[in-house]
1. Filter the chymotrypsin sites (Phe, Trp or Tyr not before Pro) in the chain to those in DSSP coil with at most 16 other Cβ atoms within 10 Å of their Cβ, and list the result.
2. For the stretch 4-16, in order, what is each residue's ³J(HN,Hα) by Karplus, 6.51 cos²θ - 1.76 cosθ + 1.60 with θ = phi - 60°, in whole Hz (x at glycine and Pro)?
3. Determine ³J(HN,Hα), in whole Hz, for all residues of the stretch 29-40 in sequence, where each value follows from phi through the Karplus function 6.51 cos²θ - 1.76 cosθ + 1.60 and θ = phi - 60°; x replaces Gly and Pro.
4. How much area per residue is accessible in the chain when the probe is 1.4 Å and only protein heavy atoms are counted (Å²)?
5. Taking only Cα atoms, what is the 0 to 90° angle, nearest 10, from helix 41-69's long axis to the longest principal axis of the chain?
6. Using the Kirkwood radius over C-alpha pairs as Rh, can you work out the diffusion coefficient of the chain via Stokes-Einstein at 10 °C, viscosity 1.306 mPa s, in µm² per second?
7. Among Arg41, Arg11, Arg33, what's the order by accessible area (1.4 angstrom probe), most exposed first?
8. Got a number for carbon plus sulfur as a percent of the chain's accessible area, 1.4 Å probe?
Amino acid sequence: MDSILSLVMLRMIILLFCVAVAWWALSGLKFERFVSAPGSRQAKLLHLLLAIVLGHQCSAFVFSYIGWSIP
């Protein structure tokens, strides 16, 4: 039971780390070119959703890579 809980916690930590890295990477992008009102709630929500999607895909890659690497 403890091993399952620790595995779930590890997956959650990796996912949150990947979302944070995606948020940081998207901060370097100039959203003013893509949205009409960069300071609006919708633009901030878009930034958050993009970070979640990119972070989820990145963590899925990390989990797959770990699964392929460990026999």
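The values are calculated or read from the model by the stated rules, or taken from the named source; none is laboratory data. This one's a predicted model, so the numbers in the text were calculated from it and none came from an experiment. As a convention, Cβ positions derive from the backbone with ideal geometry for all residues, glycine included, and neighbour counts pool all protein chains shown. Side chains included, ligands, DNA and RNA excluded: accessible areas come from the protein's heavy atoms. Shrake-Rupley method; radii C 1.70, N 1.55, O 1.52, S 1.80 Å.
1. Of the chymotrypsin sites (Phe, Trp or Tyr not before Pro), the ones in loops of the chain whose Cβ has at most 16 other Cβ atoms within 10 Å are Phe34.
2. Taking θ as phi minus 60°, the curve returns 5, 5, 5, 5, 5, 5, 5, 4, 5, 5, 5, 4, 5 Hz for the stretch 4-16.
3. Here the 3J(HN,Hα) series is 8, 8, 6, 4, 6, 10, 10, 6, 10, x, x, 6 Hz.
4. That works out to 83 Å² for each residue.
5. It is inclined by approximately 30 degrees.
6. Approximately 116 µm²/s, per Stokes-Einstein.
7. Arg41, Arg33, Arg11
8. The computed percentage sits at 73.
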